[in-house]
1. Can you tell me which residue within the stretch 78-133, out of those that are part of a loop (DSSP other than H, G, I, E, B) and aliphatic (A, V, I, L, M), is modelled with the lowest pLDDT?
2. So for the stretch 190-202 (the condition being assigned to a loop (DSSP other than H, G, I, E, B), within 28 Å of residue 100 (Cα to Cα) and open to solvent by less than 90 Å² (accessible area, probe 1.4 Å)), does at least one residue qualify?
3. Tell me which of these residue 72 doesn't satisfy, since it passes every other one: (1) at pLDDT below 95; (2) under 20 Å from the mean Cα position of the chain (by Cα).
4. Taking residue 181 and the conditions (1) open to solvent by less than 20 Å² (accessible area, probe 1.4 Å); (2) more than 23 Å from residue 76 (Cβ to Cβ); (3) touching a Leu at 6+ places or on another chain (Cβ under 6 Å); (4) in a helix (DSSP H, G or I), which numbered condition does it fall short on, given that it satisfies the others?
5. Out of all the residues in the stretch 182-210, which are touching a Ser or Thr at 6+ places or on another chain (Cβ under 9 Å) and farther than 23 Å from residue 17 by Cα?
6. Could you go through the stretch 212-219 and let me know if any residue there is part of a loop (DSSP other than H, G, I, E, B) and either closer than 22 Å to residue 13 by Cβ or touching a Cys at 6+ places or on another chain (Cβ under 6 Å) (or both).
7. Quick one: residue 61 ticks every box in (1) open to solvent by less than 60 Å² (accessible area, probe 1.4 Å); (2) modelled with pLDDT under 95 except a single one, so which number is it?
Amino acid sequence: MKDKNIVLIGGNSGIGKATATILREAGANLFLYSKSGNDTTELDTTADFSEIPDLPEVIDGVVYCPGTIHLKPFHRISISDFQNEMNVNFFGAVRVLQACLKGLKKSSAPSVVLYSTVAVQTGMGFHAGIASAKGAIEGLTRSLAAEWAPNKIRVNAIAPSLTETPLASTLLSTPEKKEASDKRHPLGRVGSSEDIAEATVFLLSPKSSWMTGQILHIDGGMSNLK
């Protein structure tokens, strides 16, 4: 990844921060953006925009990390709740990728990494909002992988299970909650930011050069094992 230009949206916490750390150690040139702007360039992906400031002319990789975790019974999810889930998880990714496409086309080996959730493949109660939005991400991943293949732009997604990040802090806020969540996974623990970051860097790197349109289930066995 040495000297590769990587645009990372949501690079100041959780999976994004862990990914940035690995990429930095590997010698990549990082262009970090987040809504807060803390240690990054400020970018609100829920706002309307067609350009992103300070992008490099050549973009070798794009990682879109912003997400939500709002678990509610279906009858309590308002239309505005669904719209917010879509705006953060899906439309934000669309805006970023449209703004980055010109730079991606100039790279010799460009790669895009998006994030889904285990709840798309594995039906889970109270996940209707996030599973719907991330289901759209999986459709976008496959569609863009097909459309952009002639330009050699690879597009893949990672579908994690519950991962120990600031976003998931309320679900893991007590030892009892953490133990219960650990036990739900066949491998006996929830994920770490580093688990997902390592997979992200793999998908950005030449090591995955023959992969596109794939959804990687990095989930402690949750999606396939009982």
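The values are calculated or read from the model by the stated rules, or taken from the named source; none is laboratory data. Small disclaimer: the values here were computed from a predicted structure and weren't measured. Positions of Cβ are generated from backbone atoms using ideal geometry, with glycine treated the same way; all protein chains shown enter the neighbour counts. Accessible surface areas use protein heavy atoms only, side chains included; no ligands, DNA or RNA. Shrake-Rupley method; radii C 1.70, N 1.55, O 1.52, S 1.80 Å.
1. 124
2. Among the residues of the stretch 190-202, not one is assigned to a loop (DSSP other than H, G, I, E, B), within 28 Å of residue 100 (Cα to Cα) and open to solvent by less than 90 Å² (accessible area, probe 1.4 Å), which makes the answer no.
3. The number of the failed condition is (2).
4. If we test residue 181 against (1) open to solvent by less than 20 Å² (accessible area, probe 1.4 Å); (2) more than 23 Å from residue 76 (Cβ to Cβ); (3) touching a Leu at 6+ places or on another chain (Cβ under 6 Å); (4) in a helix (DSSP H, G or I), just (2) comes out false.
5. Those that are touching a Ser or Thr at 6+ places or on another chain (Cβ under 9 Å) and farther than 23 Å from residue 17 by Cα: 184, 185, 209.
6. Yes; the residues of the stretch 212-219 include at least one that is part of a loop (DSSP other than H, G, I, E, B) and either closer than 22 Å to residue 13 by Cβ or touching a Cys at 6+ places or on another chain (Cβ under 6 Å) (or both).
7. (2)
Listed here are the residues, each with its yes/no results for (1) among the β-branched types (Val, Ile, Thr); (2) surrounded by fewer than 19 Cβ atoms within 10 Å (Cβ to Cβ); (3) touching a residue at least 40 places away in the same chain (Cβ under 8 Å).
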site	(1), (2), (3)
6	yes, no, yes
18	no, no, yes
28	no, no, no
75	no, yes, no
85	no, no, yes
92	no, no, yes
100	no, no, yes
